[in-house]
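Peer 1: My questions will all concern the structure given below.
The values are calculated or read from the model by the stated rules, or taken from the named source; none is laboratory data. This structure is a prediction, so every number in the text was calculated from the model and none was measured. Neighbour counts run over all protein chains shown; Cβ positions are idealised from the backbone, glycine included.
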Amino acid sequence: MKQFIFSFLLLAGGIAASAQGEKFQENNDPYLKRQADSLKQVFAKDGFIVVKESSMNMESEYELPVIVPLTGGSWYQIVFIGEPTSKLYEVRMFDWSEKQVAYQKKMWGDVDGNIISFSYIPKFSEYHMIRPVQVNKKKKKNLPGYIMLFRKTGAPEKQ
């Protein structure tokens with residue numbers, strides 16, 4: 001039963017993410033894009049490469065599941081950038097057996113308030129579900145969000 005539920009969520013999340021991703025292209029937020037570009041440069045200097053990235057259209061208080069395949073033993077950095085006027089940002093990550101393996105929460109007013117970033121090294125090669133959510137003061141339906149997955153490749157970039 002657990003496998004069926006996870007498979008259903010995988011399918012539903014993929015459909016929702018692709019549909020929302022297409023909508024977001026019309027509302028591409030330049031502020032989030034600049035933040036993402038800056039973070040890419042910072043992580044590249046530390047030897048990380050972008051594996052996946054996506055802008056997305058979110059609704060206040062609703063999670064948007066993102067399914068990613070991760071390789072056991074590889075070092076990953078997961079980054080979520082939320083709309084700056086939101087008051088709360090959370091990211092939860094679950095492994096294939098639906099066990100929560102990571103959780104981060106930020107509030108508006110925190111130094112790096114609209115950016116959540118954390119490292120993760122999976123024990124096994126399997127799919128993981130990343131579930132970002134943001135709560136906006138005005139309960140907006142079209143909140144821009146940006147998610148990136150980096151993988152450590154080796155030596156840091158030379159300057």
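Peer 1: Out of all the residues in segment 106-116, is one or more buried (at least 16 other Cβ atoms within 10 Å of the Cβ) and under 14 Å from V68 (Cβ atoms)?
Peer 2: Among the residues of segment 106-116, not one is buried (at least 16 other Cβ atoms within 10 Å of the Cβ) and under 14 Å from V68 (Cβ atoms), which makes the answer no.
Peer 1: Considering only residues that are crowded, with 19+ Cβ neighbours inside 10 Å and in contact with a helix residue (DSSP H, G or I) (Cβ under 6 Å, 6 or more places away or on another chain), which ones fall in segment 41-65? First the steps, then the outcome.
Peer 2: Filtering segment 41-65 for residues crowded, with 19+ Cβ neighbours inside 10 Å gives 43, 48, 55-58, 60, 64.
S55, M56, N57, listed by residue number.
Peer 1: Can I ask one more? Could you please find all residues in segment 48-88 being farther than 15 Å from H128 by Cβ and of a type in the set (F, W, Y)?
Peer 2: Those that are farther than 15 Å from H128 by Cβ and of a type in the set (F, W, Y): F48, Y62.
Peer 1: Next question, about the same structure. Can you tell me which of (1) modelled with pLDDT of 85 or more; (2) hydroxyl-bearing (S, T, Y); (3) surrounded by fewer than 12 Cβ atoms within 10 Å (Cβ to Cβ) is the one S7 doesn't meet?
Peer 2: (1)
Peer 1: Got a number for residues in segment 50-84 being over 16 Å from I116 (Cβ atoms), of a type in the set (S, T, N, Q) and modelled with pLDDT under 95?
Peer 2: 2
Peer 1: Is it the case that M93 is closer than 21 Å to K139 by Cβ, modelled with pLDDT of 75 or more and surrounded by 14 or more Cβ atoms within 10 Å (Cβ to Cβ)? Full working, then the answer.
Peer 2: Numbers: closer than 21 Å to K139 by Cβ: no; modelled with pLDDT of 75 or more: yes; surrounded by 14 or more Cβ atoms within 10 Å (Cβ to Cβ): yes.
The answer is no for M93.
Peer 1: Does Y76 satisfy being touching a helix residue (DSSP H, G or I) at 6+ places or on another chain (Cβ under 8 Å) and aromatic (F, W, Y)? Lay out the reasoning, then the answer.
Peer 2: Working: touching a helix residue (DSSP H, G or I) at 6+ places or on another chain (Cβ under 8 Å): no; aromatic (F, W, Y): yes.
Taking the combined requirement at face value, the residue does not satisfy it.
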